[in-house]
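Beneath this line is the structure, given in structure tokens, with notes to follow.
The values are calculated or read from the model by the stated rules, or taken from the named source; none is laboratory data. Fair warning: this is a prediction, and the values are worked out from it, not measured in the lab. Methodologically, a virtual Cβ is constructed for each residue, glycine included, from the backbone with ideal geometry; neighbour enumeration extends over all protein chains shown.
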Amino acid sequence: MEFIARATAVVGGAVALVRRIGAPGHQAMGPSPQIPEAKAQGIMTLKMPVARGWKEGHVPTCAPGLAVNAFATGLDHPRWIEVLPNGDVLVAESKEQAGPPRTLMDHAAQATMRRAKAIGDSANRVTLLRDANGDGVAEVQEVFVQDQNQPFGMALIGDRFYLGNTDGIVVFDYTPGATSLTGAGRKLVSFKPHGHWTRSLIASPDGTKVYAGVGSLSNIGDMGMEAEEGRAAIWELDVASEKARIFASGLRNAVGMAWEPATGTLWTVVNERDGLGDETPPDYLTSVRDGGFYGWPYSYWGGTVDDRVKQDPALVARAITPDYALGGHTASLGLCWMPAGTLPGFGEGMVIGQHGSWNRSKLSGYKLIFVPFANGAPAGPPRDILTGFLSPDEKLAYGRPVGVVVGADGRSLLMADDVGDVIWRVTGA
């Protein structure tokens, strides 16, 4: 496997270098992005930095006026964060577990992902962190629940705790202040595992619904659309009846979700398809309509047809154009609403954890960004909050941003870093 990884790095580096010639000189960003014409790649670009982690004293770079410290360290691939009403912080520790490779490309991709710590044995647990003395560092670290199936999203409604495992939503009884759950969980909804395996969750503001992001199995329906049934969608679970339905579809891999408070609208970040170029199509941030269809796999950015896919013109005609492009292959995963006053110098808007690309000639993402909002919609270019996760030559990753939440104090952000195995805390300087 190490030989395959090294060979892939050499070949992938050569392919990426060739594809840098003539690569777009701009990122497809904002509400009206310049999206280059699609160029089918044939051999996928594979370029991912080796996971290095952080040495003592080395931390991400903050925007001016901000400071960062490690809230918790020594975790095992922390991915997602939930802050409980009492201030306790829950962290889902999980990792993609590779299935049997079917092609040479699968072997190469898996070898590359292992060097980047993106796949491997999963901890399959949620850990509770508690900062009892309020100094910005968690001194309590307890196993909240373990022996799960690639846990990711979390939501608390009253005394019921919902957990998004890769194969479905499980509910547990919860006692306020408890450092662990007792009793077995009860599965409410089943999802197909594998492929895009993360299952993000968010409760509705009134606590009557839970929404879950379920990504596609493949890039563009490569194994047939029957295998994609129930996927590439956001699901809605009615808490009272425990019945679930697809809320919105055609979303290749919708991960983080957040509520925009002025309009009460659900927003999400979506990872788009591969194999058409560095900036084609861009990942995006969008509002989500009940019953809305967003194009995958037939089209992207509204009605731009992907001619690699057997077409459905009626669905293409329905495809909703996303609200805001985030650049090609940034792997925008984390999302939270940040009220004005949370961080000095930043107003209200969405904070996005960009995990970073593995499939373009020049790496993108690998930072925590802020998209300002006004009147319920994006209102300006993105701003960096945290950077410095990559070495200057793009060969090493010190960290990779994932989930992000506003801290219990309302004056900080907490961000999961699954390469650094740390939760970073961002505050005013």
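Checking each residue in the range 233-272 for being touching an Asp or Glu at 6+ places or on another chain (Cβ under 7 Å) and either of a type in the set (Asp, Glu) or in a loop (DSSP other than H, G, I, E, B) (or both) picks out Arg252, Asn271, Glu272. Hey, does the range 298-307 have a residue that's crowded, with 20+ Cβ neighbours inside 10 Å and among the charged types (D, E, K, R)? Scanning the range 298-307 turns up at least one residue that is crowded, with 20+ Cβ neighbours inside 10 Å and among the charged types (D, E, K, R).
Would you confirm, using the coordinates I've provided, whether Ile169 is under 19 Å from Gly256 (Cβ atoms) and not basic (Lys, Arg)? Step through it out loud before you land on a result.
Values: under 19 Å from Gly256 (Cβ atoms): yes; not basic (Lys, Arg): yes.
Criteria met by Ile169.
Go through the residues of the range 90-110 one by one and say whether even a single one is surrounded by fewer than 20 Cβ atoms within 10 Å (Cβ to Cβ), out of contact with any Ser or Thr (no Cβ under 9 Å at 6 or more places or on another chain) and in a strand (DSSP E or B). No, there is no match, as no residue in the range 90-110 is surrounded by fewer than 20 Cβ atoms within 10 Å (Cβ to Cβ), out of contact with any Ser or Thr (no Cβ under 9 Å at 6 or more places or on another chain) and in a strand (DSSP E or B). For the range 112-140, the candidate set comprises residues that are modelled with pLDDT of 95 or more and not in a loop (DSSP other than H, G, I, E, B); within that set, the residue that is farthest from Gly407 (Cα to Cα) is Arg125.
Any residue in the range 315-336 that is closer than 20 Å to Ala118 by Cβ sitting within a Cβ distance under 8 Å of a residue that is outside any strand (DSSP E or B) and of a type in the set (Phe, Trp, Tyr)? List the pairs, counting only those 6 or more apart or interchain. Short answer, once both residue conditions are applied: His329/Trp358; Ala331/Trp358.
Among the residues of the range 137-194 satisfying the criterion of being of a type in the set (Val, Ile, Thr) and closer than 30 Å to Arg102 by Cα, which is surrounded by the fewest Cβ atoms within 10 Å (Cβ to Cβ)? Outline the logic, then answer.
Filtering the range 137-194 for residues of a type in the set (Val, Ile, Thr) gives 137, 140, 143, 145, 157, 166, 169-171, 175, 179, 182, 189.
If we keep only those that are closer than 30 Å to Arg102 by Cα as well, we get 166, 169, 189.
On the way: Thr166: 24, Ile169: 25, Val189: 22.
Once the filter is applied, the top-ranked residue is Val189.
Any residue in the range 237-244 that is out of contact with any helix residue (DSSP H, G or I) (no Cβ under 6 Å at 6 or more places or on another chain) and crowded, with 22+ Cβ neighbours inside 10 Å?
Here is the first cut: in the range 237-244, the ones out of contact with any helix residue (DSSP H, G or I) (no Cβ under 6 Å at 6 or more places or on another chain) are 237-244.
Remaining after also requiring crowded, with 22+ Cβ neighbours inside 10 Å: 237.
Yes, some residue in the range 237-244 is out of contact with any helix residue (DSSP H, G or I) (no Cβ under 6 Å at 6 or more places or on another chain) and crowded, with 22+ Cβ neighbours inside 10 Å.
With respect to Arg19, determine if the residue is part of a loop (DSSP other than H, G, I, E, B), modelled with pLDDT under 75 and either basic (Lys, Arg) or in contact with a strand residue (DSSP E or B) (Cβ under 8 Å, 6 or more places away or on another chain) (or both). Walk me through how you get there before you give the answer.
On the way: part of a loop (DSSP other than H, G, I, E, B): no; modelled with pLDDT under 75: yes; either basic (Lys, Arg) or in contact with a strand residue (DSSP E or B) (Cβ under 8 Å, 6 or more places away or on another chain) (or both): yes.
Against the criterion (part of a loop (DSSP other than H, G, I, E, B), modelled with pLDDT under 75 and either basic (Lys, Arg) or in contact with a strand residue (DSSP E or B) (Cβ under 8 Å, 6 or more places away or on another chain) (or both)), Arg19 does not qualify.
In the set Ala203, Ala232, Ala212, Ala248, only one residue is closer than 24 Å to Leu285 by Cα, touching a residue at least 60 places away in the same chain (Cβ under 8 Å) and touching a strand residue (DSSP E or B) at 6+ places or on another chain (Cβ under 7 Å); that residue is Ala232.
Going residue by residue through the range 290-300, is there one that turns out to be under 16 Å from the mean Cα position of the chain (by Cα) and at pLDDT 95 or above? Scanning the range 290-300 turns up no residue that is under 16 Å from the mean Cα position of the chain (by Cα) and at pLDDT 95 or above. Please work out if Val143 is in a strand (DSSP E or B), within 25 Å of Glu260 (Cα to Cα) and not small (Gly, Ala, Ser). In short, no.
Just give me the residues in the range 386-399 being in a loop (DSSP other than H, G, I, E, B) and either among the aromatic types (Phe, Trp, Tyr) or in contact (Cβ under 8 Å) with a residue 60 or more places away in the chain (or both), in sequence order. If you could, list the steps in order and put the result at the bottom.
Just the residues of the range 386-399 that are in a loop (DSSP other than H, G, I, E, B), to begin with: 388-389, 391-395, 398-399.
Answer for the range 386-399, where residues must be in a loop (DSSP other than H, G, I, E, B) and either among the aromatic types (Phe, Trp, Tyr) or in contact (Cβ under 8 Å) with a residue 60 or more places away in the chain (or both): Gly388, Phe389, Ser391, Glu394, Lys395, Tyr398, Gly399.
Among Gly250, Gly275, Gly264, Gly256, which is the only one that is among the small types (Gly, Ala, Ser) and at pLDDT below 95? On inspection, the qualifying residue turns out to be Gly275.
Restricting attention to the range 133-150, the residues that are in contact with a Leu (Cβ under 6 Å, 6 or more places away or on another chain) and free of Cβ contacts under 8 Å to residues at least 60 places away in the same chain add up to 3.
Annotation: of all residues in the range 22-44 being modelled with pLDDT of 70 or more and touching a Ser or Thr at 6+ places or on another chain (Cβ under 9 Å), the one that is surrounded by the most Cβ atoms within 10 Å (Cβ to Cβ) is Ala28. Name the single residue, out of those in the range 163-191 being in a strand (DSSP E or B) and among the β-branched types (Val, Ile, Thr), that is nearest to the chain's Cα centre (by Cα). Ranking the qualifying residues of the range 163-191, first place goes to Ile169.
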